[in-house]
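> Below you'll find the structure I mean.
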Amino acid sequence: MDLKKIVLLHAGIIGFGGAERLLFEEYTYFKRKGIKTKILTFELREEALGKYHDAIINDIEIVEGKNLLQQILMLRKKLLEIKPDVVITAYGWSPLFLAMLFTKIPYITHIHGTMFWFPTDLLKYALIHRRVFNDIRNTLKGHREFISLKPNCSFKNRFLLELRATLDYLAVRSALKIIVLTERVRWEVKKLYGRNSIIARGCLDPSIFNHSPKEDISRKLNLHGNTIIILSVSRLDPRKRINVLIKSFTKLSKKVDNAVLVIVGTGPGEKRLKSLAKQLNCSNKIIFTGFVDDDQLWDYYDACDVFACPGWTTSPITAYEALSFKKKVVWSSEASEPDEVLNDPHVFLANPDPDSFANALQNALNANVKANVDLTKYTWNNYFETVYKAIQRHVKDA
């Protein structure tokens, strides 16, 4: 039997981030395959579709429902009407499990980070995960840094937490396949759910390899020709550790007078980070650009000398994008990436603390790296080919 219909389920499309980009690229991939593809969601802000809007809007449907129970029932009804060969969803919406009970419709889930990668997700504190909590938390610096040992949770909320955790456990256990990005996440999934996962690699638009700059970023930012640009691209929240980067850059700038730090992105920590730069008497060498559209972002990569990625994250797209421009990348030592990537001469690993990261920035600036970087197998197409093959094996056996 051939794969004919797919539903992509996303709880809410209200902003544009890594999960939304993956959703839209996944839609594009399956449509190119000639597979009828529909996106179901419970909330939609059309501006979040960005450059994908015109190509995707006609295949998005909002599932109505005044409360969670109604949403589950309406989702079930819609899935039974569509009768997809498979549903693909992202980790974190376990009610899908309830909506699909006894429907015989299989589903695949993407888990780019377990609940241990999200400080506000309290599921990690449930009794069902108590036996592995310390094993997972204590084996990664970021987990110890951002995850407290005990939740602040009332008795009532604790009951709801245990119920949600049970549903989440059953949902992941019942998935046809689980797709993850890294060995680290695969290990966590095995610990938490006793399930094996498939690692899928790829996050690059292949056109990035042939990109020609459209704008002179140094001129745009009023920088002199001999200015050294250290670039960061991320959401400005604590997990990205831009505070560590600012402190590291402050140390570096005392040795490298013509260096500037360009911080691309917005987020809740922006005001605090600008205050930190001012407090460290370095605000004249740090440029906050705010949001930069994808159409312009690649020119920033092209213009920089070193890309900095100190964040606590599973597999940042931005680091791969910078590498595709043959830029030197200073990356947190927590990175769980293929050896061929982390051992590339363009990559400099550092512990995510100001002293270590400052030293790595200095080493990167001093390094004369001429080797080519071959990232052609890390495109979106490679990622979704892995997903497609996993589905095809099931469909052929059905």
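The values are calculated or read from the model by the stated rules, or taken from the named source; none is laboratory data. Please read all numbers here as calculations on a predicted model, not as lab measurements. No Cβ is skipped: glycine too gets one built from the backbone with ideal geometry, and neighbour counts run over all protein chains shown.
> Please specify each residue of the stretch 253-284 satisfying the condition of being more than 21 Å from Ala303 (Cα to Cα) and under 29 Å from the mean Cα position of the chain (by Cα).
Across the stretch 253-284, the qualifying residues are Gly267, Pro268, Gly269, Glu270, Lys271, Arg272, Leu273, Lys274, Ser275, Leu276, Ala277.
> Regarding the stretch 281-298, can at least one residue be identified that is basic (Lys, Arg), buried (at least 17 other Cβ atoms within 10 Å of the Cβ), in contact (Cβ under 8 Å) with a residue 60 or more places away in the chain and in contact with a helix residue (DSSP H, G or I) (Cβ under 9 Å, 6 or more places away or on another chain)?
Scanning the stretch 281-298, I find no residue that is basic (Lys, Arg), buried (at least 17 other Cβ atoms within 10 Å of the Cβ), in contact (Cβ under 8 Å) with a residue 60 or more places away in the chain and in contact with a helix residue (DSSP H, G or I) (Cβ under 9 Å, 6 or more places away or on another chain), so the answer is no.
> If you don't mind, there's one more thing I want to ask. Restricting to the stretch 19-60, count the residues that are closer than 25 Å to Pro106 by Cβ, among the small types (Gly, Ala, Ser) and touching a residue at least 40 places away in the same chain (Cβ under 8 Å).
Within the stretch 19-60, residues that are closer than 25 Å to Pro106 by Cβ, among the small types (Gly, Ala, Ser) and touching a residue at least 40 places away in the same chain (Cβ under 8 Å) number 1.
> Go through (1) touching a helix residue (DSSP H, G or I) at 6+ places or on another chain (Cβ under 7 Å); (2) modelled with pLDDT under 95; (3) not polar (S, T, N, Q) and name the single condition Ile136 misses.
(2)
> Still on this structure: Answer yes or no as to whether Phe307 is within 20 Å of Leu223 (Cα to Cα), aromatic (Phe, Trp, Tyr), assigned to a strand (DSSP E or B) and not assigned by TED's automatic domain parsing to the domain that holds His110.
Yes: the conditions hold for Phe307.
> Listed residues Pro354, Pro345; which is over 22 Å from the mean Cα position of the chain (by Cα) and in contact (Cβ under 8 Å) with a residue 40 or more places away in the chain?
Every option except Pro354 fails the conditions.
> Is it true that Ile242 is surrounded by fewer than 17 Cβ atoms within 10 Å (Cβ to Cβ) and either under 26 Å from Phe146 (Cα atoms) or in contact with a helix residue (DSSP H, G or I) (Cβ under 6 Å, 6 or more places away or on another chain) (or both)?
Here the answer is no, as Ile242 does not meet what is asked.
> Still on this structure, please answer the following. For the list (1) modelled with pLDDT of 95 or more; (2) closer than 22 Å to Glu215 by Cβ, I need the number of the one condition that Val292 fails.
Here Val292 clears every test but (1).
> Can you say whether Thr376 is farther than 23 Å from Ala19 by Cβ and either among the hydroxyl-bearing types (Ser, Thr, Tyr) or in contact with a Gly (Cβ under 8 Å, 6 or more places away or on another chain) (or both), as far as the supplied structure shows?
So Thr376 fits the description; yes.
> Something else now. In the set Thr376, Thr318, Thr386, which member is in a loop (DSSP other than H, G, I, E, B) and among the polar types (S, T, N, Q)?
Thr376
> Could you please let me know if Lys156 is of a type in the set (Lys, Arg) and over 26 Å from Ala19 (Cβ atoms)?
yes
> Quick one: in the stretch 101-130, of everything that is in contact (Cβ under 8 Å) with a residue 40 or more places away in the chain and in a loop (DSSP other than H, G, I, E, B), which residue is nearest to Lys77 (Cα to Cα)?
That would be Pro106.
> Something else about it: Has the stretch 186-198 got any residue that is at pLDDT 95 or above, under 16 Å from the mean Cα position of the chain (by Cα), surrounded by fewer than 16 Cβ atoms within 10 Å (Cβ to Cβ) and not polar (S, T, N, Q)?
Within the stretch 186-198, not a single residue is at pLDDT 95 or above, under 16 Å from the mean Cα position of the chain (by Cα), surrounded by fewer than 16 Cβ atoms within 10 Å (Cβ to Cβ) and not polar (S, T, N, Q).
> What's the number of the condition Val329 fails, among (1) among the aliphatic types (A, V, I, L, M); (2) modelled with pLDDT under 95; (3) closer than 24 Å to Asn243 by Cα?
(2)
> Please tell me if Thr318 is more than 15 Å from Ile208 (Cβ to Cβ), in the same structural domain as Phe357 (by TED's automatic domain parsing), among the polar types (S, T, N, Q) and under 17 Å from the mean Cα position of the chain (by Cα).
No: the conditions fail for Thr318.
> Which of the residues that make up the stretch 324-339 are surrounded by fewer than 24 Cβ atoms within 10 Å (Cβ to Cβ) and of a type in the set (A, V, I, L, M)?
Ala335
> Also, I was wondering about something else. Within the stretch 131-169, how many residues are polar (S, T, N, Q), in a helix (DSSP H, G or I) and either closer than 21 Å to Lys240 by Cβ or touching a Lys or Arg at 6+ places or on another chain (Cβ under 9 Å) (or both)?
0
> Let me ask something additional. Quick one: in the stretch 36-51, of everything that is buried (at least 19 other Cβ atoms within 10 Å of the Cβ) and of a type in the set (Val, Ile, Thr), which residue is farthest from the chain's Cα centre (by Cα)?
Looking at the filtered set, the residue picked out is Thr37.
> Let me ask another. Condition check: closer than 24 Å to His112 by Cβ and among the hydrophobic types (A, V, I, L, M, F, W, C). Does Ile287 satisfy that?
Considered against the rule, which asks whether it is closer than 24 Å to His112 by Cβ and among the hydrophobic types (A, V, I, L, M, F, W, C), Ile287 comes out as no.
> Note down all Cβ pairs under 7 Å where the first residue falls in the stretch 233-258 and is in the same structural domain as Ala308 (by TED's automatic domain parsing) and closer than 14 Å to Ile286 by Cβ, the second is among the polar types (S, T, N, Q) and in a helix (DSSP H, G or I), and they're at least six residues apart or on different chains.
Listed pairs, sorted by first residue: Leu252/Gln362.
> Oh, and also: Restricting to the stretch 218-270, count the residues that are part of a loop (DSSP other than H, G, I, E, B) and not aliphatic (A, V, I, L, M).
Number satisfying all stated conditions: 18.
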